[in-house]
Amino acid sequence: ALWAVKFNDYYQIAGMAVCFISTYLLVGLNSAFGIIRTKSYLTPAMFAFMYTAFSSTADFHSITSVIPLLFIGSIFFIIRGYDSINPPADIFNSFLSAGIGCMIDRHLVFAVPVLFICMTQLRSMSVRGFLAAVLGFCVPFWIMYGYFILQDKTKELSEMASGFFSFGLPDFSCMSIITWICIGAVFVIFVSSAILAGKISLKDKVKNRSVIKSMNTTGTYLFAVMILVPQTGVTLLPVVTLVTSIIFGYVMTQLYNRFTMIQMIVSLLMIGGIAV
């Protein structure tokens, strides 16, 4: 209903498709790893609601709208690398998704280090794993380099390379007030959920404890990146929405008391207010 009310451009269909596909992949992510053992669709529902409410901040004319799908793929392979028979293969695929994302928006390179932190927390850091991560991240750029060389476009390649590494000073004017409001709302939901998730996970199985810890770390790191490098804000907003939805769904299905009930009501009212 929210998508229909605000429909004024055929590119909105692309945003709606990304929303629905991401929602489906979130269901598959939980089914594959059992992060939330109770059967619940709260996580994908919360993401769909937040993504739709915040969709006015996104530019669906740009290919950056597919970043959430790449992030889910990256997180999937990072988690699958936990005690995997062949972790480097999963790490390669995770960083391959990250490399494609950085090709789409070069500012995302600031978010890549958190994947190495997650590797450590999920027991997949090793010499082979580190080399697989570097190789996976570099593959998209290697393919692009080969294409430009074959097409004899060395000048365009040098201009693109120089532009990729010239970030400039933080530009806080690149984000609108509504974008900052959306980030603030997600931050409030994330912090209130992350604290509880950290405590609840102590009583959960070791794998889930590691996954929740890595999600908390990822969310905290990405919020810091958005504040220090505002140019990443619009692109990373759907990503932190994904992380927050996972943490929020985990808390709400594992713990029910007066505080979590109030937390859910306040969260839905905040998102509903932004949607209005």
Q.
Of the candidates V112, V139, V206, which one comes out as most mobile in a Gaussian network treatment of the chain with C-alpha springs shorter than 10 Å?
A. V206
Q. So which DSSP H runs in the chain come out at 30 Å plus along the axis (Cα) with average Kyte-Doolittle of at least 0.5?
A. 12-33, 127-150, 177-200, 206-228, 233-254
Q: Check each of the chymotrypsin sites (Phe, Trp or Tyr not before Pro) in the range 181-276 and keep only those in coil by DSSP with at most 16 other C-beta atoms within 10 angstrom; list them in order.
A: Y256
Q) Which one of P44, P238, P140 has the biggest mean-square fluctuation once the chain is modelled by GNM with Cα springs under 10 Å? A) P140
Q: Quick one: divide the alpha-carbon radius of gyration of the range 97-142 by 2.2 N^0.38 Å and tell me what you get.
A: 1.14
Q: Measure off, as a whole percent, the carbon and sulfur share of the 1.4 Å-probe accessible area of the chain, all protein chains present.
A: 70 percent
Q. Under the classification rounded if a/c is under 1.5, otherwise prolate if a/b is larger than b/c and oblate if not, where does the range 121-276 fall, given a ≥ b ≥ c as square roots of the Cα gyration tensor eigenvalues?
A. oblate
Q: Note down the accessible area of R80, probe 1.4 Å, to the nearest 10 Å².
A: 110 Å²
Q | Solvent-accessible ranking of H61, H107, largest area first, probe 1.4 Å | A | H61, H107
Q.
Rolling a 1.4 angstrom probe over the protein chains, ignoring ligands and nucleic acids, what is the accessible area of S55 in square angstrom, nearest 10?
A. 0 Å²
Q. Between rounded, prolate and oblate, where does the range 36-161 land on the alpha carbon gyration tensor, with a ≥ b ≥ c its root eigenvalues, rounded for a/c under 1.5, else prolate if a/b exceeds b/c?
A. oblate
(Q) Just to be sure I understand: with springs between alpha-carbon atoms less than 10 Å apart, which residue in G101, G34, G15 has the highest mean-square fluctuation in the Gaussian network model of the chain? (A) G34
**Q.** Per residue value of the accessible surface for the chain (all protein chains in place, 1.4 Å probe), Å²
**A.** 49 Å²
Q. Where a ≥ b ≥ c are the square roots of the eigenvalues of the C-alpha gyration tensor, would you call the range 4-83 rounded, which needs a/c under 1.5, or, failing that, prolate if a/b is larger than b/c, or oblate?
A. oblate
Q: May I ask you to work out the translational diffusion coefficient for the chain at 25 °C, viscosity 0.890 mPa s, via Stokes-Einstein with Rh from the Kirkwood sum over Cα pairs, reported in whole µm²/s?
A: 126 µm²/s
**Q.** Gain in span if fully extended, S40 to T120, counting 0.36 nm per residue against the direct Cα distance
**A.** 25.9 nm
Q | Length gained when the stretch H61-W3 is fully extended (0.36 nm per residue, less Cα-Cα span) | A | 19.3 nm
Q. What does the highest-first list of 65-75, 142-152 look like by mean Cβ count within 10 Å?
A. 65-75, 142-152
Q: Taking the Cα centre of the chain as origin, sum charge times position over the Cβ atoms of Lys and Arg (+1) and Asp and Glu (-1), and report the length of that vector in debye to the nearest 20.
A: 1120 debye
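The values are calculated or read from the model by the stated rules, or taken from the named source; none is laboratory data. Model, not experiment: these values are computed from the prediction. A quick note on method: Cβ atoms are made from the backbone with ideal geometry, for glycine too, and the neighbour counts reach across all protein chains shown. Each accessible area value is taken on the protein alone, full model and side chains, heavy atoms only, with ligands, DNA and RNA left out. Shrake-Rupley method; radii C 1.70, N 1.55, O 1.52, S 1.80 Å.
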